[in-house]
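Below is one structure, written out as structure tokens; comments come after it.
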Amino acid sequence: MNLILISMGVLGVTALVAACLLYVVSLFFKVEEDPRIDLVQAVLPGANCGGCGFAGCRNFAEACVKAGSTDGLACPVGGDPTMDEVKKILVPAAAEEAAPAAESGDKKGFDPAVAAKIKALPTPKAAFPNLIAMAQKA
Ligand code: SF4
């Protein structure tokens, strides 16, 4: 009986030490990702068809954010309306230009308040959860 208890104790301590180590290592090697990638991905069709020349919508979103513009990039599935949405995320000034469309009831336009919030982001990490909600609402 004692042998079983000792074995359980050793395994428990080993598991606890391993969990702590993994936590510390995960903090050390954490990769910060631009939250705009998730925003861009949210407005893409999600077909993952590769028609844009990338492996999927996520890769396309990463390429758009890395490029900082939509020049030379296109999603043939979503077409111009989708690329306009992507442009609004990448270039907040484009969102302001589209504000009159939103005010006139055009669902594809960004709400001016949303555009202002995107421009006023303190840090991308802090704004991430709210941005997703705003993008889905817009
Ligand atoms: S063409 Fe559009 S829908 Fe297809 S993978 Fe590229 S971004 Fe996604």
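Each other residue within a Cβ distance under 14 Å of Q41 adds +1 if Lys or Arg and -1 if Asp or Glu, for a net charge of -2.
The mean sequence separation of alpha-carbon pairs under 8 Å and at least six residues apart, normalised by the residue count of the stretch 22-99, gives a relative contact order of 28 percent. Extension gain for C49 to C20 (0.36 nm times residue separation, less C-alpha to C-alpha distance): 6.4 nm. Can you give the log10 of the normalised intensity I(q)/I(0) at q = 0.15, 0.22 Å⁻¹, computed with Debye over equal Cα scatterers of the stretch 1-101? At q = 0.15, 0.22 Å⁻¹ the computed log10 ratios are -0.67, -1.05.
Read the figures in this text as sums done on the coordinates, not as results from a lab. As the structure is a computational prediction, the values presented were derived from the model and not from experiment. Don't worry about glycine lacking a Cβ; one is built from the backbone with ideal geometry, like all the others, and counts go over all protein chains shown.
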